[in-house]
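J.: Here it is, the structure in full.
None of the figures in this text is laboratory data; all of them are computed from the coordinates on show. Keep in mind that what you see is a predicted model, and the values were worked out from it rather than measured. Positions of Cβ are backbone-derived with ideal geometry, glycine not excepted, and every protein chain shown enters the neighbour counts.
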Amino acid sequence: MEKEKVHLTNVVGDFRFVRKGNDAGYSMKEAHYHPYYELGYLKSGEFKIFINHTVYKVKTGDMIFLTPLEIHRATEYGNGSNERYDISFSEDFLLPLKQECGEETVHKLFSNAKVTIPASRREYVEELLRKMEHVSGLSDEFTSVLKKMYLYELLIFAGRYGAMNLYEDMIPPEENSTEQAIQRSAAYICQNYDKNITLDDMAKMVHMSPTYFSRKFKKVTGLGFKEYLNQIRIREASLLLLKSNASVTEIACRCGFNDGNYFGDAFRKAKGMSPGQYRKSPEIL
């Protein structure tokens, strides 16, 4: 039976630490995105993960870095169970590090989606994670400082190894040309969401029938073609609603929605409120 086991979860302020395990055959139900950073470390096992428009193989000792609003879905957890650590934190949690090292330096820490930690250095990483796990449930006056110290040390350590990674575990064309085709189509959508994009056109672009393309797109990304397109468009519309003075109608057009009513319906379905209500709400992304 496919299931996910959460061994420990601690949420304190803007920091969340979770240790999870998955049985063989588990697959994340759907692709999603969130307004916070997420760092994952795979202690044992393997799986694939779709991030934005790219599929990565993740193996024991790999770390995954997700920045806010990156669409992702983990799939194909292999033949055995796995154990991983997930750490979520807000933009504010990184402010002291940015002030000390500079915003550009911190940005570079997240420039690689996947970083492979050599076997000889994994005990160092896992010891940091154990320390983080221990302090994440505490609430004394030193807890906040310790959490930041351990996380910053982990980020800097992984960032240095990330500079040596060349994404060798992306899905290569000769291994799975179908997944490569889906990645190309997803990348096209991310870059051209403001244009008129149809299922037939995308299928033709990667030399597939519409039916076969639709089925494979869903398998690889966790979202149907139209659902993925709408998520990209609504993600961009959300940013414009919060960061610009453009009208709702103008934002709809700039994000590829030619029908204002359809935009409103799709936005309400995704966010639970109208575009106008979202713009006035305190919700952040």
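J.: At 7 Å along the Cα-to-beta-carbon direction for both Lys108 and Lys243, put a label point, then send me their distance in nm to one decimal.
T.: 2.3 nm
J.: What is the dipole size for the chain, taken about its Cα centre, with +1 at each Lys and Arg Cβ and -1 at each Asp and Glu Cβ, in debye to the nearest 20?
T.: Values: 39 positive and 38 negative charges, 112 e Å.
Using Cβ point charges on Lys, Arg, Asp and Glu, the chain gives about 540 debye.
J.: Given points 7 Å out from each Cα along the Cα-Cβ axis, report the Ser177 to Glu123 separation in nanometres with one decimal.
T.: Using points 7 Å along Cα→Cβ, the separation is 4.7 nm.
J.: Looking at the stretch 189-285, which trypsin sites (Lys or Arg not before Pro) are DSSP coil and have at most 11 other C-beta atoms within 10 Å of their C-beta? Intermediate values should be presented prior to the final figure.
T.: Numbers: sites: Lys195, Lys204, Arg215, Lys216, Lys218, Lys219, Lys226, Arg233, Arg235, Lys243, Arg254, Arg268, Lys269, Lys271, Arg279, Lys280; in loops: Lys195.
Listed in order of number, the matching sites are Lys195.
J.: Is it possible to state the helix-based mean residue ellipticity at 222 nm for the chain, with each DSSP H run of 4+ residues giving -39500 (n - 2.57), the sum divided by total residues, to the nearest 500 deg cm²/dmol? What is it? Spell out each step's value before the answer.
T.: Working: 11 runs with 127 residues, N = 285.
About -13500 deg cm²/dmol.
J.: What is the helix-to-structure angle for 225-243, meaning the angle in degrees between its Cα long axis and the longest Cα principal axis of the chain, kept from 0 to 90 and rounded to the nearest 10?
T.: Approximately 80 degrees, to the nearest 10.
J.: So which GluC sites (Glu not before Pro) in the stretch 179-285 pass both tests, a DSSP loop state and at most 16 other Cβ atoms within 10 Å of the Cβ? List each step's numbers first, then the result.
T.: Working: sites: Glu179, Glu227, Glu236, Glu250, Glu283; in loops: Glu283.
Taking the stretch 179-285 and a limit of 16 other Cβ atoms within 10 Å, the loop GluC sites (Glu not before Pro) found are Glu283.
J.: What FRET efficiency, computed as 1/(1 + (r/R0)^6) with R0 = 30 Å and r the Cβ-Cβ distance, is obtained for Ser44 and Ile156, rounded to the nearest 0.05?
T.: Values: r = 25 Å, r/R0 = 0.82.
Result of the calculation: an efficiency of 0.75.
J.: Considering the Cα trace of the stretch 177-242, what is its radius of gyration and what is Dmax, both in angstroms?
T.: 11.9, 39
J.: On a 0 to 90° scale, report how tilted helix 210-221 is relative to the longest principal axis of the chain, with both axes built from alpha carbons and the result rounded to the nearest 10.
T.: 20 degrees
J.: Compute the Cα gyration tensor for the stretch 24-124, then decide on rounded, prolate or oblate, letting a ≥ b ≥ c be the square roots of its eigenvalues: rounded whenever a/c is under 1.5, prolate when a/b is larger than b/c in the other cases, and oblate in all that remain.
T.: oblate
J.: Moving on. So, counting K/R as plus one and D/E as minus one, what does the shell of residues with Cβ under 12 Å around Gly224 add up to?
T.: Details: positive: Arg215, Lys216, Lys218, Lys219, Lys226; negative: Glu30, Glu227.
Residues near Gly224 contribute +3 overall.
J.: Also, quick follow-up: Cross-chain or 8 or more residues apart, Cα under 23 Å: how many lysine pairs in the stretch 209-285 fit that? Count them up, please.
T.: Close lysine pairs found across the stretch 209-285: 12.
J.: Just to confirm a number: summing +1 for Lys and Arg and -1 for Asp and Glu over residues other than Thr105 whose beta-carbon lies under 12 angstrom from that of Thr105, what do you get? Display every interim value, and only then the final one.
T.: Numbers: positive: Lys98, Lys108, Arg160; negative: Glu100, Glu103, Glu104.
Result for the neighbourhood of Thr105: 0.
J.: Using 1/(1 + (r/R0)^6) with R0 = 30 angstrom and r between the beta carbons of Asn79 and Arg215, what's the FRET efficiency to the nearest 0.05? Present the calculation step by step, with values, prior to reporting the outcome.
T.: On the way: r = 24 Å, r/R0 = 0.79.
FRET efficiency, Asn79 to Arg215: 0.80.
J.: Let me ask something additional. Which residues' amide hydrogens lie under 5 Å from the amide hydrogen of Val55, considering only partners 5 or more residues apart or on another chain, with H built in the peptide plane?
T.: Here the answer is Ile171, since their amide H atoms fall under 5 Å of that of Val55.
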